[in-house]
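Where a number appears in this text, it was derived from the coordinates with a stated rule and is not lab data. This structure is a prediction, so every number in the text was calculated from the model and none was measured. Heads up, the Cβs are rebuilt from the backbone with ideal geometry, glycines too, and the neighbour counts pull from every protein chain shown.
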Amino acid sequence: MQTANTLDMLRNNLASLRASSGAGSASPATIGLVPTMGALHEGHLTLVRAARAQCDHVVASIFVNPTQFGPNEDLDAYPRQLAEDSAMLEAEGVALLWAPDAAAMYPDGFASSIRVEGVSEGFCGASRPGHFDGVATVVCKLFNQVQPSHAFFGAKDYQQLAVIRQMARDLDLTAPHVDAIIGVPTVREPDGLAMSSRNRYLSPEQRRQATTLPTAMRAAIAQIEQGDDPSDSLDGLHAALLAGGFDSVDYASLVDARSLQGLTELGGSAARLLVAARIGGTRLIDNMAVG
């Protein structure tokens, strides 16, 4: 695995990868991009494996993006373990690691930002103002830098995935095209909790209590799917989380899977249950398909 820290290094390595399709084809090799902020776990490695299954070569990025952290958020505390992460990626067959520093990604005089209306509003966008502007901007830069044929994101960050797809659609991005932005299903621990770098912040007792989240979500979904009033089911979910040890619930919403507009009943379109809740100093998010 090669590691690039500058744009020149990245472009040189990408040119070499594209020159070798790995399949005897005269066409340029396909490149699958897996953007991360490091602190890798099995969820990230699942994205890498999905990319390897669909593309000739995999490029992973590790960049703790300061523009998506708000005041009083955990930018400085966010775990950084580049050597360990690099070894994990190499073991999974990643061809190229793009690991820029902040000066390479945001050089002196940087003055541009991307805002995606609609899907970025509400939910995590409401509690973390500016967060999705930072996400959209850095992901657009990564797409332009790497020019991948496909990009792979975890569906656990469902609103983020919706923002990125909307950005690609609105800006006519072709590398990757919106249909080549792949949402990979959430990877879960054996007890059902969605894998997240933030799970490491939980104490043993909080970690035990956190399993209330997927359990309560599945119970609410079962009620909604059998015809119960979604509002009552969401109220029950909220109460179950508080009774299970969570300190507060930021949101628990039934939404249209593409637009993220709230739903009062199941209809013909795909639906999603989105939840964010806090336990101690840790904010956990999760989502599941409904219907």
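Given [x] 30, 27, 17; [y] 34, 21, 19; [z] 45, 22, 17, which label gives semi-axes √(5λ) of the Cα gyration tensor in Å as computed from the coordinates? Comparing each candidate, only [y] matches the computed number. In a reduced charge model with +1 at each Lys and Arg Cβ and -1 at each Asp and Glu Cβ, the range 119-174 shows a dipole moment near 140 debye about its Cα centre. In a DSSP loop and with at most 16 other Cβ atoms within 10 Å, the chymotrypsin sites (Phe, Trp or Tyr not before Pro) in the range 22-110 are 110.
Relative to the dominant Cα principal axis of the chain, helix 82-91 is inclined by about 80°.
Helix-only arithmetic for the chain: the sum of -39500 (n - 2.57) across DSSP H runs with n ≥ 4, divided by the residue total, places the mean residue ellipticity at 222 nm at -11000 deg cm²/dmol.
Loop-located GluC sites (Glu not before Pro) in the range 195-277 (DSSP state not H, G, I, E or B) with no more than 10 neighbouring Cβ atoms inside 10 Å do not occur. Charge dipole of the chain (Cα centre as origin; +1 on each Lys and Arg Cβ, -1 on each Asp and Glu Cβ, all else neutral): 540 debye, rounded to the nearest 20. Give the residue list of GluC sites (Glu not before Pro) in the range 10-96 that are DSSP loop and have at most 16 other beta-carbon atoms within 10 angstrom. For GluC sites (Glu not before Pro) across the range 10-96 that sit outside H, G, I, E and B with at most 16 neighbouring Cβ atoms in 10 Å, the list reads 73. Tilt of helix 7-18 relative to the longest C-alpha principal axis of the chain, in degrees (0 to 90, nearest 10)? In the chain, helix 7-18 runs at an angle near 80 degrees to the longest axis.
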